[in-house]
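A quick write-up on the structure given underneath.
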Amino acid sequence: MHLTYREWWSLVHGFVFGGGFLLSFAGVMIVMYGLRRSDLTEKGLAQHLLWLRLGTATMAVAAWGTVILGTWVMYPWYRNGGAKAALLSSSQTSNWDKFGMEWKQHIAWLAPFLATTVAFLVLYFGARLATDRRLRLLTLALFVGAFGTAAIAALFGALVTKISPVV
Amino acid sequence: MDENTIDKPTGPAFASIIAAALAAATLGLLATLAEVFEGFGDWLAFSGRVGMLSGETIVAIAVYFLSWAGLAFLWRRSNPPLRLVAIITAALIVAGLLGTFPLFFRIFGVEE
């Protein structure tokens, strides 16, 4: 299988960073949801926190990597290299650019802001998240928000690329 | 050391929450304004290759880190009410989501 230079970058953007972020969500979510002081021993709590700190920090880095590569490397190729023009050339496909790409390129940027904040909350509050239910729920809500925005961006990214690939 | 016993002020952490929501709202506002006002959109094209998305995202990043730093300093010893922080955050994020939603532009007569 041969991949072009641009396809390699697409792979890093969508699969390594983007895919890594989305696939990590379930695991980190389970650890975060299970972070209840009453259910954990001292050792269990320390292990949960270690995984949570590693997981959220890694996801924040992945989110930044995805949007920076997407905006500054992939998007110029899409915009100036013919993929966008190809979509706009037909009324049957133009909404994939005017709606799909337009929404994706903006909503994706909410993910790194929210993911970085979640990583910071986990780092800052630590074990307090296990005892303060309201703080934990707020962190969970922000985490779900980061995933939701990234998932919408990933879905439209995959569909737009399928219809008009950047090659 | 048991971290449960440490009662750090919530201010610096809540600052990061409000900052993320402010960045989202900024992105939404800039995306809408750039579509509605062509001249503003052109001004946001910090990079010719990327277009106005470059300015929109760079300004949003700046708002995120600067507002985080500013609020963290202001709230370094305080405990803002969680409920209020959650309400402000939700409102700003909804504004951001709305502003970045392409059908929203069309309300203002932006061409499809």
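Data overview
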quantity	calculated
Assigned charges on the beta-carbon of Lys, Arg, Asp, Glu; the stretch A:5-163 dipole about Cα centre (debye)	240 debye
Order of A:Met101, A:Met32 - criterion: other Cβ atoms within 10 Å of each residue's Cβ, fewest first	A:Met32, A:Met101
Under the Karplus curve 6.51 cos²θ - 1.76 cosθ + 1.60, θ = phi - 60°, whole-Hz ³J(HN,Hα) for the stretch A:101-108, x wherever Gly or Pro sits	5, 4, 5, 4, 5, 8, 5, 4
Cα gyration tensor shape of the stretch A:9-64, rounded if a/c is under 1.5, else prolate or oblate by comparing a/b with b/c	prolate
Sum of -39500 (n - 2.57) over DSSP H runs of 4+, divided by residues of chain B (222 nm, nearest 500)	-23500 deg cm²/dmol
GNM result for chain A, Cα springs below 10 Å: residue of A:Gly19, A:Gly81, A:Gly65 fluctuating most strongly	A:Gly81
Shape category assigned to the stretch B:51-112 from the gyration tensor of Cα positions, a/c cut at 1.5	oblate
Calculated [θ] (222 nm, deg cm²/dmol) that DSSP helices of n ≥ 4 give over chain A, each run adding -39,500 (n - 2.57)	-22000 deg cm²/dmol
Positive-end residue, the stretch A:5-163 charge dipole about Cα centroid, Cβ charges, pick of A:Met29, A:Phe147, A:Ile163	A:Met29
Whole-number Å³ per residue for the convex hull built on Cα positions in the stretch B:10-100	77 Å³
Residue order, fewest to most beta carbons within 10 Å, for A:Lys84, A:Lys104, B:Lys8, A:Lys162	A:Lys162, B:Lys8, A:Lys84, A:Lys104
Listed residues B:Val36, B:Val50, B:Val63, most fluctuating in chain B (Gaussian network, C-alpha, under 10 Å)	B:Val50
Residue among A:Gln92, A:Leu135, B:Gly55 farthest towards the positive dipole end of the protein assembly as shown, charges placed on Cβ	A:Leu135
Gyration tensor verdict on the stretch A:119-167 (Cα atoms; rounded if a/c is under 1.5, prolate if a/b is larger than b/c, oblate otherwise)	prolate
Calculated Rg and Dmax of chain A using C-alpha coordinates, Å	18.6, 62
Simple Cβ-charge dipole of the stretch B:10-100, Lys/Arg +1 and Asp/Glu -1, about Cα centre, in debye nearest 20	540 debye
Charge dipole magnitude, Cβ of K and R +1, D and E -1 - the protein assembly as shown, Cα centre, debye nearest 20	600 debye
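Values in this text are rule-based calculations from the coordinates and carry no lab data. This is a predicted model, so every value here is computed, not measured. So basically every Cβ, Gly included, is an ideal-geometry build from the backbone, and we count neighbours across all protein chains shown.
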